[in-house]
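For reference, the structure is listed below as structure tokens.
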Amino acid sequence: MIQPASQKEQPVKLIECPRDAWQGLPGQIPTERKVEYLRALIEAGFRHLDAASFVSPKAVPQMADSAAVLAQLKLPNDAEIIGIVVNETGAERALATNVVTTLGYPFSISETFLRRNQNQSPNENTEILRRIKARAETAGREIVVYISMAFGNPYGDPWSEERVTEAAREIASLGLGAISLADTAGVATTEQIRRVVRAVSNLGERCEIGVHLHGRREEAAPKVLAAYDAGCRRFDSALGGLGGCPFAQDELVGNIPTEEVLRALASRGVPQPVAIDLENVLRLNREISAAFAA
């Protein structure tokens, strides 16, 4: 339920995003190293992982082995594995793994980005979402929809809070369980985050609202706290602040670092969503990224 006033009592949900962290790295990470890292995240206590994508391997070669990676994981019963899809073919591949519990679908309000990222028109984007929803329901899976470019875009496409809330209203009307507001290009200000999260949260539909923020490390804490103060209790992040969408612009803007999210929430006395050995997981993350970033 979207309830900004009462959400102060709701626990924070942290979604760790290795898929987003890896997809822009130029060096191909071996399947076994991805498996090792995902196992380390699970052992460390992370339970919500944006771990895979099922898109064209030509478009995102780094994630071509997603099914093979997931096949080697032993998951606790309370684990959520998000697989990103942009069409029905991808949805079928994700569902066939029997490991993906949630399909992630990008719903862009920037037509330029929609063409670059998914080669779809706005009408096609909506219609494909409807069809994927039907497939997910049949398979007993959930869907999270990402409103891409939710805080502006680098292309000069029209943007307003009204366009974001209209998109959120359309998504929520389909009966979907979660919406994540994505700052795809890392352009959001703290005040903008506060206003947009509050506006979408006030729609009154039954849907969980989250944020998927990109930006520099020093921007993370103010942005996280702006979203938290506006009622958000779902945060996407990546250890080390790696990642970014390779289709958004020429220069990748990383995810907000998980460690900064945890520190920002701790500064407010918010109970930590995961109890982890942060330094150990960060070390493994640095080893993997350094080896394949060149």
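The values are calculated or read from the model by the stated rules, or taken from the named source; none is laboratory data. Owing to the predicted nature of the structure, the values given are computational and were not obtained by experimental measurement. Cβ placement follows ideal geometry from the backbone for every residue including glycine, while neighbour counts extend to all protein chains displayed.
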Return the only residue of Arg195, Arg286 being of a type in the set (Lys, Arg), in a helix (DSSP H, G or I), surrounded by fewer than 24 Cβ atoms within 10 Å (Cβ to Cβ) and modelled with pLDDT under 95.
Arg286
May I ask you to list pairs of residues, at least six apart or on different chains, whose Cβ atoms are under 7 Å apart, with the first in segment 114-143 being at positive phi and the second being crowded, with 17+ Cβ neighbours inside 10 Å and part of a helix (DSSP H, G or I)?
none
Condition first: more than 16 Å from the chain's Cα centre (by Cα), at pLDDT 95 or above, in a loop (DSSP other than H, G, I, E, B) and more than 13 Å from Ile109 (Cα to Cα). Can you find one or more residues in segment 141-150 that meet it?
yes
Which one of these does Ser56 not meet: (1) of a type in the set (Gly, Ala, Ser); (2) crowded, with 17+ Cβ neighbours inside 10 Å; (3) part of a loop (DSSP other than H, G, I, E, B)?
(2)
For segment 198-214: of the residues being of a type in the set (Gly, Ala, Ser) and modelled with pLDDT of 90 or more, which is surrounded by the fewest Cβ atoms within 10 Å (Cβ to Cβ)?
Ala199
Does segment 30-48 contain at least one residue that is small (Gly, Ala, Ser), closer than 22 Å to Val144 by Cα and more than 17 Å from the chain's Cα centre (by Cα)?
yes
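Of everything in segment 59-86 that's within 17 Å of Ser180 (Cα to Cα) and of a type outside the set (A, V, I, L, M), which residue is surrounded by the most Cβ atoms within 10 Å (Cβ to Cβ)?
Our first condition is that a residue be within 17 Å of Ser180 (Cα to Cα); within segment 59-86, this holds for 80-86.
Imposing the further condition that a residue be of a type outside the set (A, V, I, L, M) reduces the set to 80, 83.
Numbers: Glu80: 18, Gly83: 28.
The selected residue is Gly83.
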May I ask you to list pairs of residues, at least six apart or on different chains, whose Cβ atoms are under 7 Å apart, with the first in segment 271-294 being closer than 15 Å to Gln28 by Cβ and the second being surrounded by 16 or more Cβ atoms within 10 Å (Cβ to Cβ) and among the small types (Gly, Ala, Ser)?
Ser289/Gly240
Do we have any residue at all in segment 29-51 that's in a loop (DSSP other than H, G, I, E, B), in contact (Cβ under 8 Å) with a residue 24 or more places away in the chain and in contact with a strand residue (DSSP E or B) (Cβ under 6 Å, 6 or more places away or on another chain)?
yes
Does any residue of segment 9-24 turn out to be over 30 Å from Gln120 (Cα atoms), charged (D, E, K, R) and not in a loop (DSSP other than H, G, I, E, B)?
yes
